[in-house]
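Okay, so here's the structure we're looking at.
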């Protein structure tokens with residue numbers, strides 16, 4: 001009976017209870033001192049000036065949030081079109097993309113990470129999509145933007161945005177992950193939360209025209225032309241050699257739409273390449289030119305950057321595929337569980353080789369695994385959400401997830417990955433992530449021996 | 001009758017191929033243009049020339065021209081050294097370009113230090129295998145805050161200067177489209193790249209490869225019960241680093257199954273650890289938009305030194321000296337805050353420069 005009571009009481013008033021206090025509260029709760037618990041949480045809540053919306057610990061006659069009708073139930077609300085392009089609730093202000101301090105020395109050649117710990121389902125809100133710019137971002141006038149197709153073609157072509165948007169379009173959901181995602185963690189734990197370990201990952205519905213259509217319109221020679229160069233219009237004029245295999249399959253898109261609206265400027269407005277399953281650097285933003293050629297291009301971002309150093313001192317060049325990977329997003333590093341009892345462990349899984357087939361979850365550091373539920377739809381080269389029930393008994397434990405894709409590839413442990421790749425490759429770290437849950441409810445990023 | 005049936009069959013076969021195989025679809029190329037009448041137009045040769053700037057490893061696309069090491073040094077010190085250091089060695093803004101390669105590497109074509117896990121960092125010269133990449137990189141993306149403003153001669157010259165710093169060409173060398181292929185044969189890490197891996201989805205690199213297209217090199221199995229050893233934590237963030245990423249409580253939603261951990265040391269007395277950025281330089285609010293627009297923040301932090309001094313440090317040193325600061329913003333300088341050079345800023349408008357100088361000088365009339 002006591003444990004049931006505990007379950008009702010332990011819901012904390014806010015996120016303002018320090019870890020030590022939570023531990024003390026649990027200890028006292030075990031001893032049955034409910035009065036102590038009430039006052040501990042009241043004290044914690046009392047330190048907050050104008051607490052946003054404290055959830056009451058004590059019920060008494062009833063919850064004042066129910067008994068005393070709030071202003072929004074007794075007054076007149078805001079009119080329509082207060083905001084012509086709506087924004088999230090002001091209470092969601094903590095949900096932001098963020099930089100990792102010290103990761104880069106400039107703000108224009110830098111990265112911001114998506115807050116995976118706060119997202120639901122598989123779609124990343126466009127305003128929270130991770131950013132990676134090499135020479136700053138621009139908001140380009142779409143009426144002046146042009147796309148050129150040249151190289152091994154019958155006739156070089158120029159397309160306006162009007163032209164491209166007149167063509168038959170397709171809409172597809174795909175993940176985009178930077179090749180360097182989780183790159184800070186190759187050697188050891190370096191950052192505290194899933195936002196920084198895995199947040200160079202986003203997923204959107206992209207709308208555009210298959211690149212093969214434009215190549216055919218130009219009369220591309222795809223027998224001789226085995227390599228395609230994509231080039232951006234910004235200062236960095238990002239260039240990457242694109243796998244022809246994914247162009248002839250119709251997968252590569254010249255995209256202008258993202259989640260029902262146009263691309264955001266930070267994502268390459270008005271036009272970017274979508275290269276499903278391939279690392280984000282190949283998804284050239286502000287796309288201005290496609291060249292058909294007969295050899296790879298060894299561009300700056302495939303000969304100086306985005307090359308993977310192997311233990312034998314060779315660099316792997318043109319590494320592109322993002323291999324099968326998963327991560328538990330809640331509970332995850334830097335979070336605090338406030339009570340024992342039921343939790344929905346949830347996370348994301350993806351594979352650059354196709355669909356996710358299965359995700360297993362361990363709460364004992366990888367000794368035993370249970371298969372999670374995959375939330376549909378499960379799509380090719382797209383994020384897949386998984387969920388699994390879990391009752392936390394208040395003891396220390398380590399949570400992991402392990403994905404498998406339809407090719408049978410299984411996400412490796414750090415030991416398995418390092419045995420082949422060493423620790424210096426920076427890119428393509430798809431190892432299993434471990435989150436340690438401490439007895440006080442605090443969750444921390446750890447790596448296992 | 002027979003021929004009609006055959007046609008139908010062929011049509012069906014083509015349909016199936018088209019539906020399941022994009023390569024077959026590509027063979028129907030001629031028809032696509034007809035289908036999409038009135039969309040797109042032919043590019044003029046001048047248009048192609050204006051945009052087709054890429055240079056491949058076989059030097060296709062390289063414009064004729066030349067530039068000397070000596071000329072490269074002049075361009076370097078004026079336009080490149082502020083970010084990369086006088087000798088390409090600086091680590092302050094970007095990773096170092098030069099260093100870590102030896103005369104022996106030039107013979108073998110392997111940067112030997114890449115095999116030493118203890119060697120700190122990797123310079124561009126240790127990584128890059130193809131000299132075309134350096135030329136193309138400089139030509140398309142440098143200088144960082146004014147890309148595509150170098151002349152062809154300057155690009156050759158800066159490339160020559162970098163190669164000279166790396167010991168690839170002598171002091172009196174002039175790099176040109178005629179001799180660049182010979183330089184390629186001296187690149188210190190020219191044999192340092194491999195395409196023998198499974199992370200490219202096509203067969204283009206698979207000639208005799210051990211690993212075929214898309215074949216993974218790491219093979220794990222999905223054990224379900226009593227797997228592996230008892231888990232031991234070997235790495236975690238040290239306690240003193242807990243606040244390195246700001247207060248994690250302020251980075252999590254306020255409702256739900258969990259909260260963020262308080263890491264600002266206040267035990268919940270303040271949720272504002274993240275909002276104190278942008279401290280005052282002068283008295284007025286920082287003209288953030290101007291500082292960002294003119295790329296000042298590439299080299300100056302609000303409070304801290306990046307390459308040049310922080311704005312707060314400047315403001316403290318030169319209160320009321322608006323005209324002096326205006327001159328420095330426009331003309332650049334070196335020696336006041338260290339040896340790192342601030343290049344002249346010809347691109348900044350008078351209004352912007354005035355506003356920034358006024359702000360730094362603590363001019364109360366300065367408008368942010």
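Pick from segment A:367-389 the residues that are touching a strand residue (DSSP E or B) at 6+ places or on another chain (Cβ under 7 Å) and in a loop (DSSP other than H, G, I, E, B): which of them is farthest from residue A:123 (Cα to Cα)?
A:368
Looking at residue A:334, is it in contact with a helix residue (DSSP H, G or I) (Cβ under 7 Å, 6 or more places away or on another chain) and either at the interface with chain B (Cβ under 7 Å from one of its Cβ atoms) or under 22 Å from residue A:380 (Cα atoms) (or both)?
Yes; evaluated as a whole, the condition is true for this residue.
Going through segment A:159-180 one residue at a time, which ones are outside any strand (DSSP E or B) and within 13 Å of another protein chain (Cβ to nearest Cβ)?
A:161, A:162, A:163, A:164, A:165, A:166, A:167, A:168, A:169, A:179
Taking segment A:432-448 as the search range and keeping residues that are within 7 Å of chain B (Cβ to nearest Cβ) and touching a residue at least 60 places away in the same chain (Cβ under 8 Å), which one is nearest to the chain's Cα centre (by Cα)?
Per the stated criteria, the residue is A:445.
Identify the residue in segment B:129-140 that is touching a helix residue (DSSP H, G or I) at 6+ places or on another chain (Cβ under 7 Å), at the interface with chain A (Cβ under 7 Å from one of its Cβ atoms) and part of a helix (DSSP H, G or I) and, among all such residues, is nearest to residue B:80 (Cα to Cα).
Across segment B:129-140, the extreme among qualifying residues is B:137.
Of the residues in segment B:176-191, how many are under 16 Å from residue B:98 (Cβ atoms) and outside any helix (DSSP H, G or I)?
Counting residues in segment B:176-191 that are under 16 Å from residue B:98 (Cβ atoms) and outside any helix (DSSP H, G or I) gives 4.
Can you confirm whether segment B:203-215 contains a residue that is crowded, with 19+ Cβ neighbours inside 10 Å, without any contact (Cβ under 8 Å) to a residue 60 or more places away in the chain, within 7 Å of chain A (Cβ to nearest Cβ) and over 26 Å from residue B:132 (Cα atoms)?
Yes, segment B:203-215 has at least one match.
All but one of (1) away from chain B (no Cβ under 14 Å); (2) on the phi > 0 side of the Ramachandran plot hold for residue A:277, so report the exception by its number.
(1)
Please determine, by comparing only the residues of segment B:167-197 that are crowded, with 23+ Cβ neighbours inside 10 Å and within 13 Å of another protein chain (Cβ to nearest Cβ), which one is modelled with the lowest pLDDT.
Of everything passing the filter in segment B:167-197, B:197 is modelled with the lowest pLDDT.
Any chance you could count how many residues in segment A:362-412 are within 19 Å of the chain's Cα centre (by Cα), within 21 Å of residue A:338 (Cβ to Cβ) and either crowded, with 22+ Cβ neighbours inside 10 Å or at the interface with another protein chain (Cβ under 9 Å from one of its Cβ atoms) (or both)?
1
For residue B:225, all conditions in the list (1) modelled with pLDDT of 95 or more; (2) more than 8 Å from chain A (Cβ to nearest Cβ) hold save one; what is the number of the exception?
Unmet for residue B:225, out of (1) modelled with pLDDT of 95 or more; (2) more than 8 Å from chain A (Cβ to nearest Cβ): (2).
When segment A:185-197 is examined, which residues are found to be surrounded by fewer than 24 Cβ atoms within 10 Å (Cβ to Cβ) and either at pLDDT below 95 or assigned to a loop (DSSP other than H, G, I, E, B) (or both)?
Within segment A:185-197, A:186, A:187, A:188, A:189, A:190 meet the criteria.
Provide a single number: the residues in segment B:101-128 that are in a loop (DSSP other than H, G, I, E, B), at pLDDT 95 or above and either surrounded by fewer than 20 Cβ atoms within 10 Å (Cβ to Cβ) or more than 17 Å from the chain's Cα centre (by Cα) (or both).
5
Hey, among the residues in segment A:248-268 that are within 20 Å of residue A:111 (Cβ to Cβ) and surrounded by 21 or more Cβ atoms within 10 Å (Cβ to Cβ), which one's nearest to the other protein chains (Cβ to nearest Cβ)?
Checked segment A:248-268; the qualifying residue nearest to the other protein chains (Cβ to nearest Cβ) is A:268.
If you go through segment A:433-449, how many residues are closer than 13 Å to residue A:329 by Cα and in contact with a helix residue (DSSP H, G or I) (Cβ under 9 Å, 6 or more places away or on another chain)?
Number of matching residues: 4.
Is it the case that residue A:313 is at positive phi and without any contact (Cβ under 8 Å) to a residue 24 or more places away in the chain?
It is true that residue A:313 is at positive phi and without any contact (Cβ under 8 Å) to a residue 24 or more places away in the chain.
The values are calculated or read from the model by the stated rules, or taken from the named source; none is laboratory data. These numbers were taken from a predicted model, which means no experiment stands behind them. Glycine gets a Cβ as well: all are built from the backbone with ideal geometry, and neighbour counts include every protein chain shown.
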